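The values are calculated or read from the model by the stated rules, or taken from the named source; none is laboratory data. Worth saying up front: this structure is predicted, and the values here are computed from it rather than measured. Neighbour counts are summed over all protein chains in view; Cβ atoms, including those assigned to glycine, are modelled from backbone coordinates with ideal geometry.
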4 protein chains.
Amino acid sequence: MAALGIDELHRFLAASFPQVAGDFRILRLDDAGIAVAMAVADRHLRPGGTVSGPTMFALADVAVYLAILARIGPVALAVTTGASIDFLRKPAPGKDLRAEARLLKLGRTLAVGDVLVFSDGSPGPVARAALTYSIPPGTVRPSAP
Amino acid sequence: MAALGIDELHRFLAASFPQVAGDFRILRLDDAGIAVAMAVADRHLRPGGTVSGPTMFALADVAVYLAILARIGPVALAVTTGASIDFLRKPAPGKDLRAEARLLKLGRTLAVGDVLVFSDGSPGPVARAALTYSIPPGTVRPSAP
Amino acid sequence: MAALGIDELHRFLAASFPQVAGDFRILRLDDAGIAVAMAVADRHLRPGGTVSGPTMFALADVAVYLAILARIGPVALAVTTGASIDFLRKPAPGKDLRAEARLLKLGRTLAVGDVLVFSDGSPGPVARAALTYSIPPGTVRPSAP
Amino acid sequence: MAALGIDELHRFLAASFPQVAGDFRILRLDDAGIAVAMAVADRHLRPGGTVSGPTMFALADVAVYLAILARIGPVALAVTTGASIDFLRKPAPGKDLRAEARLLKLGRTLAVGDVLVFSDGSPGPVARAALTYSIPPGTVRPSAP
């Protein structure tokens, strides 16, 4: 049961993270998870035209964060407490990125999600990541799965 | 294209890891990945009947390892070089564990897989993990995806 | 300021984790952290005499766990929620392991520590790990650093 | 034995990563590791004045990368293959960051380092991270420790 839809998440992102909101666009949101596209700009690149590691990390972080907010609503102040990421392949130069994230746990104080990052036009993932968020007490009702 | 089937992997496990092979049983092996069951014994438990973290780590490690061997064959000496794991829920006491692993990358020198661990009878995963293995040079042919 | 000393930690380990307590011995406990030795037995080995990954994971987990209990006392039910580990070198066959752990954060709901694992007689670490524990609310007083 | 000193590393950074080189300054380089300062700018901030997670990730990544280059020289094309990071405390608003990194392993094909990130004026670390890099074969001589 979603607390926020795609349009509401886009508005929340624009209001709360104006510096980066323009980089991200939600493509899909359903019970299986969320898909988020990232427009790759010059500032995200490294020599040779590849996308930087921190850029892929930022996309993975945003994707899982939005998957959590879609469930608990915009009032919650969720904070990233930990992350692991593996860089699997070089993203194709000049191609946008797409993250496919799913929520694995939404507990009373911790939420965990994982994500695969794809480079447009390439079949295999360019990165995988898992992220943990601290949820303010009282945000998630006991009935949440 | 598998290099080894379920029976061959069971034989390899019994021959190479006699101390732990009896704990594990491959349930499924296909292009999507591998499912491995673990019989939980007293030595795997912690106070309250829950399964220990190192036990879930061992299952995740074996599952991805077997997914790699299924592709590159038993001659390869793959070694775990890194891992991340999140413990999501308490496994149910007295229930066996099941790992669902998939191979995300099989490169010339590194292989990466991720895995969800389930406790029999509970819907959500009890753990997630990602593991990286070093592959001896010359093992994976250039044509491997 | 320690809540528990080495003798009390040994007694807690023996009472709460009788299955594994005999494997571990605290060598040092001070403001900088804790050093824990692990007696390597046959059941911890892999072909070639090397120590298994789950064994090194278990040692790292225990070392940080004890570093937390030394600060918050034995009443607390701290649970490992996440971990990352890198295996750096092959442990020497027939040698015991030693973990050097330090507490990086002791918050109201989360504690984080990291650890280096050494193999007796070898200079470089054989593994590094970082572990996160969930702390029951009300355990850590606001004045804790 | 260092292959590159601080001035050479600064020149390498400016030539190879012109988009971000101005953010970083090496404070110290010795056998124990490297200290790298990051000037925090508006684009690195999140609501409330705190530094973004990807910014701390970028600093940790650069610090370990430079610790590796200091040992193997600028010819090597080291690539980040994996990372784990824990965010421990909120960085102080308006304060620069400092990373203290050390090299834990410099192997023939993999290098691993870990790092603590500090916020100027606060005693405890604001983040910890460990990063793995793939080293091109033939770069590290067998005699390297």
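Taken over the stretch C:53-88, residues that are within 23 Å of A:ASP86 (Cα to Cα) and touching a strand residue (DSSP E or B) at 6+ places or on another chain (Cβ under 7 Å) amount to 14. Inside the stretch C:66-88, residues that are modelled with pLDDT under 95 and aromatic (Phe, Trp, Tyr) make up a count of 0.
Evaluating A:GLU8 against the criteria (1) at positive phi; (2) part of a helix (DSSP H, G or I); (3) of a type outside the set (A, V, I, L, M, F, W, C) leaves one unmet condition, (1).
Please find, among C:ALA63, C:ALA127, C:ALA70, the residue that is of a type outside the set (D, E, K, R), within 26 Å of C:ALA14 (Cβ to Cβ) and within 14 Å of chain D (Cβ to nearest Cβ).
Details: C:ALA63 fails: within 14 Å of chain D (Cβ to nearest Cβ); C:ALA70 fails: within 14 Å of chain D (Cβ to nearest Cβ).
The conditions single out C:ALA127.
Can you pull out the residues in the stretch A:91-116 that are within 11 Å of chain B (Cβ to nearest Cβ) and either outside any strand (DSSP E or B) or of a type in the set (A, V, I, L, M) (or both)? Those that are within 11 Å of chain B (Cβ to nearest Cβ) and either outside any strand (DSSP E or B) or of a type in the set (A, V, I, L, M) (or both): A:LEU103, A:LEU104, A:LEU106, A:GLY107, A:LEU110, A:ALA111, A:VAL112, A:VAL115, A:LEU116. Taken over the stretch B:56-79, the criterion of being of a type in the set (Val, Ile, Thr) and crowded, with 23+ Cβ neighbours inside 10 Å is satisfied by B:VAL62, B:VAL64, B:ILE68.
Looking only at residues that are part of a strand (DSSP E or B) and touching an Asp or Glu at 6+ places or on another chain (Cβ under 8 Å) in the stretch C:120-143, which one is farthest from C:GLY49 (Cα to Cα)?
Taking the stretch C:120-143 first, the residues part of a strand (DSSP E or B) are C:127-134.
When the remaining residues are screened for being touching an Asp or Glu at 6+ places or on another chain (Cβ under 8 Å), the result is C:127-132.
On the way: C:ALA127: 17, C:ARG128: 20, C:ALA129: 22, C:ALA130: 26, C:LEU131: 27, C:THR132: 30 Å.
It comes out as C:THR132.
Of note, B:LEU110 does not satisfy the criterion of being closer than 26 Å to B:ARG11 by Cα and surrounded by fewer than 22 Cβ atoms within 10 Å (Cβ to Cβ).
Is it the case, given these coordinates, that A:ALA35 is out of contact with any Ser or Thr (no Cβ under 9 Å at 6 or more places or on another chain) and not hydroxyl-bearing (Ser, Thr, Tyr)? When the stated conditions are applied, A:ALA35 passes them. The condition of being away from chain B (no Cβ under 11 Å) and touching a Ser or Thr at 6+ places or on another chain (Cβ under 6 Å) holds for only one of A:SER84, A:SER134, that being A:SER134. Just so you know, in the stretch D:25-51 the residues that are surrounded by 22 or more Cβ atoms within 10 Å (Cβ to Cβ) and within 14 Å of chain A (Cβ to nearest Cβ) include one that is nearest to the chain's Cα centre (by Cα), and it is D:MET38.
Looking only at the stretch D:52-71, which residues are touching a Pro at 6+ places or on another chain (Cβ under 6 Å) and over 23 Å from D:ARG28 (Cα atoms)? Outline the logic, then answer.
Kept after step one, since they are touching a Pro at 6+ places or on another chain (Cβ under 6 Å), are these residues of the stretch D:52-71: D:54, D:57-58.
Within the stretch D:52-71, just D:PRO54 meets the criteria.
Looking across the stretch B:18-72, the residues that are touching a Lys or Arg at 6+ places or on another chain (Cβ under 8 Å), under 20 Å from B:ALA101 (Cα atoms), assigned to a loop (DSSP other than H, G, I, E, B) and touching a residue at least 12 places away in the same chain (Cβ under 8 Å) come down to B:ALA32, B:ALA39, B:VAL40. The residues of the stretch A:100-112 that are over 17 Å from A:THR139 (Cα atoms) and either over 13 Å from the mean Cα position of the chain (by Cα) or without any contact (Cβ under 8 Å) to a residue 60 or more places away in the chain (or both) amount to a single one, A:LEU104.
With the condition kept exactly as written, say whether any residue in the stretch B:129-144 is more than 13 Å from the chain's Cα centre (by Cα) and buried (at least 24 other Cβ atoms within 10 Å of the Cβ). No - not one qualifying residue is present in the stretch B:129-144.
Considering D:PRO123, D:PRO91, which residue is in contact with a helix residue (DSSP H, G or I) (Cβ under 8 Å, 6 or more places away or on another chain) and either polar (S, T, N, Q) or modelled with pLDDT under 95 (or both)?
Working: D:PRO123 fails: in contact with a helix residue (DSSP H, G or I) (Cβ under 8 Å, 6 or more places away or on another chain).
On inspection, the qualifying residue turns out to be D:PRO91.
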